[in-house]
1. Take a quick pass over chain A and tell me how many lysine pairs come in under 19 angstrom between Cα atoms, counting only ones 8 or more apart or on separate chains.
2. Can you pull out the GluC sites (Glu not before Pro) in the range A:482-550 whose DSSP state is coil and whose Cβ has at most 16 other Cβ atoms within 10 Å?
3. Zone of B:E195 (label point 7 Å along Cα→Cβ, backbone N under 15 Å): which residues in the range A:582-620?
4. Would you work out if the range B:231-324 is rounded, prolate or oblate? Take a ≥ b ≥ c from the square roots of the eigenvalues of the alpha-carbon gyration tensor; rounded if a/c is under 1.5, else prolate when a/b is larger than b/c, oblate otherwise.
5. Cα gyration tensor of the range A:4-165, axes a ≥ b ≥ c as square roots of the eigenvalues: rounded (a/c below 1.5), prolate (a/b > b/c) or oblate?
6. Which of the GluC sites (Glu not before Pro) found in the range A:308-376 are loop residues per DSSP with 14 or fewer other Cβ atoms within 10 Å of their Cβ?
7. Expressed in nm to one decimal, what extension gain is obtained for the pair A:W46 and A:S176 from 0.36 nm per residue of sequence separation less their Cα-Cα distance?
8. Counting pairs of alpha carbon atoms under 8 Å apart in space and at least six apart in sequence, what relative contact order in percent does chain A give?
Amino acid sequence: MKHGRMRQGLHNPLYWVVGTLAVALLPQLPSMAPHLVAITLLPIAWRTLAELRGWKPLPTLLRLGITLATLVVLVGTYGNLLGRRAAVGLLSLMLALKLLETYRARDARVVASLSLFLCATQFLFSQGMLMVVYGATCMTGALAAFALIARREAFAVTARPAPTGRGLLGELSFGSRLMALAVPLGLALFLLFPRWGSPLWGVPERSLDARTGLSDSMTPGTIQALFMDDSPAFRADFRTGLPARRDLYWRGPVLWNFDGRQWQTDFYGRRIEADTLPDAAEAPYVYEVQLEPHERHWLFALDYPAIKPPQAQRLTVDYQLMTRRGITRLTVYEMASDPDFIDSPDLRQTFRQRALQLPEAFNPRTRELMAGWRAEANSDADLVRRALAHFNQENFRYTLNPPLLSRHSVDEFLFDTREGFCEHYASTFTIMMRMAGIPARVVTGYQGGWYNELGNYVLVRQSDAHAWSEVWLAGVGWTRIDPTAAVAPSRVERGAIDALGERRFLLDYEWLREVRNGFDWLNRAWNDWVIAFDAARQSSLLGFMGVERLSARTLVALLAGAMGVVALLLLPWLLRLGRHRERDPVVRLWHRFLQRLHRAGVPVTVSMGPLEVAGATAGHAGIDPDEVKRITGGYLNLRYASDVQGRDVLIRDLKRFRVGRPS
Amino acid sequence: MTTAPTTLGVTDSPANSDEARRARLAEAIGTVNGILLGKERQVQLAFSCLLARGHLLIEDLPGVGKTTLAHALATVLGADYQRIQFTSDLMPADILGVSIYRRDKEAFEFHPGPIFADVVLADEVNRATPKTQSALLEAMAEGQVTIEGSTHALPDPFFVIATQNPLDLVGTYPLPDSQLDRFLLSISLGFPDPEVERELLVSEDRSRVLARTAPVLSPRDVLDLQETCAQLHVSDALLAYVQALLAETRNSRWFDIGLSPRAGLALLRCARAHAFLEQRDFVAPEDIKAVFPGLARHRMTVSHGLEASVEDQVDGLLAQVALP
């Protein structure tokens with residue numbers, strides 16, 4: 001491809017290559033550091049400008065220097081190049097830099113192909129429905145680029161400009177048509193390519209961006225950050241009746257240890273298996289949870305989980321459902337819950353100690369207050385009620401923007417600022433209880449959810465994250481107390497967004513949330529049909545036909561069969577692609593006649609007239625010159641002369657014609 | 001083909017019959033081929049141009065037989081033949097003629113210029129000034145000459161053969177596109193094949209052969225033949241092909257500007273004549289393809305920025321357009 005030849009507007013493959021790369025980069029950019037984004041976008045901009053202005057390529061040494069410098073910056077940013085993000089970052093950067101030297105068809109092809117690879121790597125991070133659109137867009141662009149490059153190359157030797165095709169829409173429709181051709185094959189591969197029960201290679205546990213979900217620690221602001229995130233956490237499909245919204249407490253990490261600032265899970269709490277479980281058969285709520293990957297170790301369930309799903313490694317003594325590996329893919333499990341179950345009628349000494357532990361020399365004012373209350377209270381339950389009433393009656397506010405707290409955070413919150421989010425209330429309440437000698441702990445998880453009527457399921461978003469307390473009371477065991485509900489009852493009745501009554505971001509409107517929640521039904525269907533299609537579902541693919549289990553070998557055989565069928569079905573269409581169907585049978589037969597000649601090695605083309613065709617066949621073995629003369633003469637007469645006789649004879653002759661048949 | 005009475009209403013005498021005319025035409029072509037050796041294609045195109053009532057432009061180097069061809073054509077046509085050597089000081093009156101005052105008659109008398117001939121050879125047409133060129137080209141287009149208010153009809157048939165040297169462009173005035181359009185076909189003769197050249201070297205001088213060549217066709221014959229050619233059948237399929245070709249020439253990947261509708265009409269006219277020479281009573285796609293390069297060559301310029309010649313582009317275009 002000559003330098004000056006590439007400038008021809010939309011028919012310039014370079015723009016398509018650049019466009020494809022840009023689209024392929026899109027989902028990658030938000031998770032990259034800003035300076036890396038800049039380094040990625042600069043070469044793209046330079047190359048586009050160079051094409052528009054006709055700039056010469058940069059000198060080789062300069063390009064080499066830029067590449068090395070970029071590598072240094074990349075390693076400096078990520079520390080190493082081993083993680084998924086770092087590796088994909090490397091790919092993105094190098095691909096963008098490759099544009100600097102993309103002046104020939106070969107390089108353009110490499111960039112377009114690797115853009116497709118980059119597009120494929122994005123599926124490591126997300127498999128949502130939007131990714132299909134994204135993948136299809138990349139693919140269309142790349143296919144159009146490939147077509148343009150190929151066309152240009154084919155015409156490079158003729159010193160003629162390549163045919164321009166049918167403009168933007170033509171190029172796009174060409175790409176989409178090719179993709180449509182691949183759909184049946186893709187479907188067969190998706191359904192039938194043998195899947196393994198576990199991933200082929202270990203995916204590093206913390207390889208995602210560690211941005212989603214609850215963690216094993218809580219500081220002021222932890223849940224607040226989640227509150228801004230509207231991505232789905234999980235969906236629950238109830239087999240039984242739906243609990244009331246205020247009872248939808250989805251249990252997650254249970255936090256025991258407080259160091260004055262931060263709450264953390266407990267070693268024993270995480271390690272010790274629960275000794276009693278509610279009776280699953282008696283549980284009033286049975287449901288299936290479809291948990292989005294969140295890279296942590298928790299499965300979520302309503303209080304109290306009665307089943308230990310196969311994915312969970314442990315159902316702990318504080319009723320956390322913990323997995324061994326971080327959850328990096330969509331996880332579906334059956335769950336049953338019994339809210340009336342009594343957790344730990346007797347509290348073991350170890351746990352009592354842990355549930356009362358507090359750092360010394362913090363929050364003296366609260367300590368004093370609690371000592372007073374303790375003296376006045378008749379029972380633990382009384383004290384709990386008093387504390388809740390205190391939150392309810394005093395001037396406490398539920399807000400997203402609480403003032404910052406310093407060392408004696410509980411004191412400051414309780415006596416001075418009185419503004420906080422659920423984590424402030426849960427934390428403060430728990431500490432107050434501990435000061436009063438009542439065993440207490442913080443539970444984090446999700447509260448509420450959006451009931452989707454279309455799909456009859458409850459959608460829980462990250463923004464539903466919540467923290468509450470549990471206190472141990474003699475006779476009733478661990479009891480859930482939600483101090484936030486005492487401050488802002490609408491938090492549990494209608495959700496945190498309603499309770500706050502303020503917009504979280506610019507486009508945070510009620511109707512928009514409703515629309516999005518409604519659309520989530522599609523996402524769930526996608527999850528259900530595509531993402532959750534795993535080895536187990538695959539092996540029972542033919543269950544409806546009575547085949548219990550498909551072995552890998554059967555799957556491969558089926559796949560081969562399906563591919564064969566698809567190929568057979570598409571072949572005639574493929575062969576006809578780009579040729580319009582001729583109406584007149586004579587002309588159709590004539591084209592077949594030309595094809596037969598062509599296959600026999602006669603250099604005929606569709607641009608040849610009948611006489612030229614006759615001339616071209618002269619001297620070819622296996623072709624009867626008289627027959628050809630009769631056919632071409634007949635065709636010439638029929639198509640171009642004024643008499644219309646001999647049509648039937650010509651049709652017969654054309655049908656009868658074969659190359660190589662001894663006449 | 002059956003002998004149909006000509007439209008001119010001439011009685012069907014043996015010498016005037018269609019068949020006899022065809023025989024004479026064949027003989028005329030044979031004679032010209034006997035003079036201009038090894039150029040059958042060009043001779044056929046020249047006759048096509050003549051029968052299609054067009055004018056011929058020959059672009060080639062000096063000495064390859066341009067004049068011989070023109071002279072041979074004029075001779076076999078039995079026509080009045082004039083040769084005008086175009087130079088930069090040639091004036092329109094030198095071509096068209098002048099009116100001179102005659103004292104004895106006390107009136108102006110028109111002295112027709114060399115253009116008043118059946119066959120005119122305009123040699124090196126691009127050497128004359130545009131003014132002179134346009135005088136010739138206007139006469140070609142109108143079939144008449146107007147001098148000082150009086151109109152003088154040019155003879156019919158009227159056949160102009162112009163030549164120009166495509167390489168030696170110093171001191172020339174290239175013909176503008178609008179005037180090139182007046183020429184139906186442009187051909188180039190090219191160097192002869194080695195065998196032909198050998199024959200040329202050993203055989204008698206061409207001018208002497210010309211000198212003893214007798215006319216074969218009469219101008220009347222030419223008119224009749226032109227009439228017959230115009231009647232040839234053109235099928236819908238062929239029209240579709242012509243349209244496809246014209247449309248393709250307008251695609252900017254080949255040429256700057258495509259062929260005009262007028263050029264399309266000329267293409268059909270020329271193809272008809274070519275088909276007639278091929279002894280057909282209908283036009284075949286091959287006729288179109290045979291005359292198309294000659295028709296397109298001087299009318300087109302290659303798209304800007306391409307290093308192809310018009311001939312390459314025409315060949316590519318013909319190979320690209322499928323027969324409908």
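The values are calculated or read from the model by the stated rules, or taken from the named source; none is laboratory data. Note that this is a predicted model, so its numbers are computed, not measured. Cβ coordinates were reconstructed from backbone atoms using ideal geometry, including for glycine residues, and neighbour counts include every protein chain displayed. Accessible surface is based on the protein model in full, side chains and every heavy atom, while ligands, DNA and RNA are left aside. Shrake-Rupley method; radii C 1.70, N 1.55, O 1.52, S 1.80 Å.
1. Lysine pairs, 8 or more places apart or on different chains, close enough: 4.
2. Within the range A:482-550, the qualifying GluC sites (Glu not before Pro) (loop, at most 16 other Cβ atoms within 10 Å) are A:E502, A:E548.
3. Within reach of a label on B:E195, which here means backbone N under 15 Å from a point 7 Å along Cα→Cβ, the range A:582-620 contributes nothing.
4. prolate
5. Taking the square roots of the gyration eigenvalues as a ≥ b ≥ c, the range A:4-165 is oblate.
6. Values: sites: A:E334, A:E360, A:E368, A:E376; in loops: A:E360.
Those that pass, being in a loop and sparsely packed, are A:E360.
7. Once the chain is fully extended between A:W46 and A:S176, it gains 43.9 nm.
8. The normalised contact order for chain A reaches 12 percent.
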